[in-house]
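The values are calculated or read from the model by the stated rules, or taken from the named source; none is laboratory data. Just so it is clear, the structure is predicted and the values come from calculations on it, not from any experiment. Note: ideal-geometry Cβ built from the backbone for every residue, glycine included; neighbour counts use all protein chains shown. These accessible areas exclude ligands, DNA and RNA; they are computed on the full protein's heavy atoms, side chains included. Shrake-Rupley method; radii C 1.70, N 1.55, O 1.52, S 1.80 Å.
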Amino acid sequence: MSPLRRWFALAVLALPVLLISIDMTVLGFAVPALTADLDPTATELLWIVDVYSFLLAGLLVLMGNIGDRIGRRRLLVAGAVAFGSASLVAAFATTPEMLIAARALLGLGGATLMPSTLALLRTVFPDATERRLAIAVWAAAFSGGTAIGPVAGGFLLEHFWWGSVFLVNTPVMVALVVGALLLLPESRNPRPGPFDLLSAVLSIAGVLPLVYALKTSAEDGAGLPVVLALATGVALLWTFVRRQRRLAEPLLDLRLFRHRAFTVAVTTNLLSVFALLGLMFFLPQYLMLVLGMSPVVAGLWMVPLAVATVAGALSAPRLARHVQLRWLVGGGMALAAAGLGVGTALGVDGDRAVLVLASVLIGLGVGLAETLTNDVILATAPPERAGAAAAISETAYEFGGAMGTAVLGTVGLTAYAASLGDLPGVPAAARETLGGATEVAAQLPPETAASLLAAAEEAFVVGMDLVLLLAAVLAAYVALQAVVLLRGTRVAAGEPAPAAHAALAHGTVMG
């Protein structure tokens, strides 16, 4: 493949990443409008929001394995068709059930897109130096989508109906299908071995209740359904892991984790997203409900975070030529930890300089670290297992996001409720969320409403500060872990080590 064609191919591979990251942020803006139009029950609304991520997380490992078998380009094209079709159905849904079904199909399509794009980067860019730059652009597209999402969502909802946030997906998917067929090479595992249906069932059946438990705990706390779902998921995944150890051709090649660099990279991705999602759970609410910004203005104030993430990602390839991997990954996460710590100084008044400084530090650090860890994940895996390795990376992202929202979201909301606990006469709805307090205040006399809102905003900032502090400590740990455990790892500074691939192929423990 000529150099020019490779870079055009990268543009095609960046399209689904950009779109999926936009989709992650625009739905939240559309919820009020679609709720007013479709009138879903509370349970139906929960499924509209969550069924996408449930299926995405549950199917990633399976789809990565299928792509290795049938061809990653073929799976990418099929997923793009499914994603585009589901977007049409979602845009013109007339009932909650119809929208839930469309969101489920979107999750299925998304599960084929993410591991396929990352795995195909390995095929399109066999040279390590070019691949690092390609992964940086791929990661930058994801970050760019997070910046575009809030702004685009606010614009679409101000000028069109709520379905427009889904409708924009379809032309992008058409462009992806055409570009994939014209520019992308096919790649697959030449010796995939027999497909184990039971492993596929166990992987899905284990992940789905686990993600359900994590997300539901953020909404309702750790009740009996959450505990049962968590226990079921853990038991099924334990059975799945035991089965993979016994199979000659497993669905999930656990030998990948015998390479220390691969394990550290996956763990870094999971924990960094865990910390970042704690921030992303609170920051939009803080901007809109505490500082009183409109959705579009709040989206614009989140642009520095996304732009800094893009800058961090694009700087990674150049820095990797001169600095050891462990210092780059560790330094990136240390920058993120510093930014999260700076964020605790925002306060109720929201110093804009503090907001920008925190955003820039977090964005630069996460962009730098995650670009290099994704390169490590692809470089240490044998080429025929690229899809499975990419799926593991994406699954780590999904679990990190689900746990970050569930655990840190719960911690912050608990601190919020505790801060309001000493105030007499505060309604229960106002103690649950800042949004609930805003709705309660709208029905009160002006002086009482102002007093309630002031107390609620102060309590919200207390909860957010606690979350930022915990996230900063976690990011600092991840930085230390990278510096210590990636000692001697040079995968990101040169070609993939053949010894690593040979060791994985023969089951030798690397480390």
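Check whether at least one residue in segment 291-301 is in a helix (DSSP H, G or I) and closer than 25 Å to Thr129 by Cα, and report yes or no. Even if it seems obvious, please write down each step before you answer.
First, pick out the residues of segment 291-301 that are in a helix (DSSP H, G or I): 295-301.
Next, from what is left, pick out any that are closer than 25 Å to Thr129 by Cα: none.
Checking segment 291-301: not a single residue is in a helix (DSSP H, G or I) and closer than 25 Å to Thr129 by Cα.
Let me spell it out: the conditions are (1) modelled with pLDDT of 80 or more; (2) in contact with a helix residue (DSSP H, G or I) (Cβ under 8 Å, 6 or more places away or on another chain), and Leu254 meets all of them except one. Which number is the exception?
Condition (1) is where Leu254 drops out.
Which ranges mark the helices (runs of 4 or more DSSP H) fully within segment 87-196 that have 3 or more residues being surrounded by 23 or more Cβ atoms within 10 Å (Cβ to Cβ)? Reasoning before the result, please.
On the way: elements: 96-124, 128-159, 164-167, 169-183.
In segment 87-196, 96-124, 128-159, 169-183 are the helices (runs of 4 or more DSSP H) which contain 3 or more residues that are surrounded by 23 or more Cβ atoms within 10 Å (Cβ to Cβ).
Are there any pairs with C-beta distances below 8 angstrom linking a residue in segment 299-319 that is within 10 Å of Gly363 (Cβ to Cβ) to a residue that is acidic (Asp, Glu) and surrounded by fewer than 19 Cβ atoms within 10 Å (Cβ to Cβ), with the two at least 6 apart or on different chains, and if so which?
none
List pairs: first residue in segment 278-289 and part of a helix (DSSP H, G or I) and open to solvent by 10 Å² or more (accessible area, probe 1.4 Å), second residue at pLDDT 75 or above and of a type in the set (Val, Ile, Thr) anywhere in the structure, Cβ distance under 9 angstrom, at least six positions apart or on different chains.
Cβ pairs passing all conditions: Leu279/Ile362; Leu279/Val467; Phe281/Val467; Met288/Val297; Leu289/Thr438.
Look at Glu158 and say whether it is of a type in the set (Asp, Glu), in contact (Cβ under 8 Å) with a residue 12 or more places away in the chain and closer than 16 Å to Trp7 by Cα.
Numbers: of a type in the set (Asp, Glu): yes; in contact (Cβ under 8 Å) with a residue 12 or more places away in the chain: yes; closer than 16 Å to Trp7 by Cα: no.
Judged against the criteria, Glu158 is not a match.
Can Val51 be described as more than 23 Å from Leu157 (Cα to Cα), in contact (Cβ under 8 Å) with a residue 40 or more places away in the chain and of a type in the set (Val, Ile, Thr)? Full working, then the answer.
Working: more than 23 Å from Leu157 (Cα to Cα): no; in contact (Cβ under 8 Å) with a residue 40 or more places away in the chain: yes; of a type in the set (Val, Ile, Thr): yes.
Taking the combined requirement at face value, the residue does not satisfy it.
Looking only at segment 73-113, how many residues end up being closer than 18 Å to Trp47 by Cα and hydroxyl-bearing (Ser, Thr, Tyr)?
Counting residues in segment 73-113 that are closer than 18 Å to Trp47 by Cα and hydroxyl-bearing (Ser, Thr, Tyr) gives 3.
For segment 218-273, give me the residue count where each residue is open to solvent by 50 Å² or more (accessible area, probe 1.4 Å), under 30 Å from Leu486 (Cα atoms) and either of a type in the set (Ser, Thr, Tyr) or touching a Phe, Trp or Tyr at 6+ places or on another chain (Cβ under 9 Å) (or both).
So the count comes out to 1.
Conditions tested, residue by residue: (1) among the small types (Gly, Ala, Ser); (2) more than 21 Å from Met280 (Cβ to Cβ).
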residue	(1), (2)
Ala306	yes, no
Thr309	no, no
Ala313	yes, no
Ala316	yes, yes
Trp327	no, yes
Met333	no, no
Gly341	yes, no
Asp349	no, yes
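Just the residues that are open to solvent by less than 50 Å² (accessible area, probe 1.4 Å) and either within 29 Å of the chain's Cα centre (by Cα) or farther than 17 Å from Met288 by Cβ (or both), please, taken from segment 444-463.
Once the filter is applied, which keeps residues that are open to solvent by less than 50 Å² (accessible area, probe 1.4 Å) and either within 29 Å of the chain's Cα centre (by Cα) or farther than 17 Å from Met288 by Cβ (or both), segment 444-463 yields Ala449, Leu452, Ala455, Glu457, Ala459, Phe460, Val461, Gly463.
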